[in-house]
Structure formats: C-alpha cells, structure tokens
Amino acid sequence: MTISEEDAVEAKQRLAAPLGTDPALPSSESGAAGLAGLIAACRMPAFREALGLDGEARILLFNTEGDPAGLSTPGSAATCTV
C-alpha cells in the first residue's frame, strides 16, 4: 500500500485533534503513516474485508516519530524525560 502526503497530513491532524476525551498526540507525518494506512484501508471495502476490519477488530498502531517542532498541538512540545 502507498499513502499520499495528504493522507499522512490528515492522520497527523487526527492525532493532534482527537475525538472526545482522547489525548492529543504530537506526531510528524512520518510518525502518523501507520494511521494513514489504516484510514486508507478502511476506506476500501476489499482491504477492510481482507484485513478483518470490522466492529470486533482490535488495532495496535505505533507512532514512530513525534512532531520535531512541537507544532501538532498548540502550546505543547514533544519532550522525552528519562
């Protein structure tokens, strides 16, 4: 599967502004690529069926890169505390 730059930007925006009380997750477009692929797959019935994406599906995604500029969520920066 190939995703477009627009798909990656949409996924980044979804992570930055989630629904309900879900926490915002700072991400780069690269980090959000897994979510972009999932969204793309969900939009295609053949992919949904082949991957078993239904109401019972459980999905684990990894955000592999935070927003390096801290711009995904206003007023916050991606930080790492060790």
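The values are calculated or read from the model by the stated rules, or taken from the named source; none is laboratory data. On a predicted model such as this, the values are computed, not experimentally measured, just so you know. Cβ atoms come from the backbone with ideal geometry, glycine included; neighbour counts cover every protein chain shown.
Among the residues of segment 13-27, are any within 18 Å of PRO68 (Cβ to Cβ) and out of contact with any helix residue (DSSP H, G or I) (no Cβ under 8 Å at 6 or more places or on another chain)? Yes, because at least one residue in segment 13-27 is within 18 Å of PRO68 (Cβ to Cβ) and out of contact with any helix residue (DSSP H, G or I) (no Cβ under 8 Å at 6 or more places or on another chain). The residues listed here are LEU19, LEU60; of these, the one that is at pLDDT 90 or above, exposed (fewer than 15 other Cβ atoms within 10 Å of the Cβ) and not in a helix (DSSP H, G or I) is LEU60.
Let's see how each residue does on (1) among the charged types (D, E, K, R); (2) assigned to a helix (DSSP H, G or I); (3) surrounded by fewer than 19 Cβ atoms within 10 Å (Cβ to Cβ); (4) at pLDDT 90 or above:
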| position | (1), (2), (3), (4) |
| --- | --- |
| ILE3 | no, no, no, yes |
| ASP7 | yes, yes, no, yes |
| ALA11 | no, yes, no, yes |
| SER28 | no, no, no, yes |
| GLY37 | no, yes, yes, yes |
| ALA40 | no, yes, yes, yes |
| ALA46 | no, yes, yes, yes |
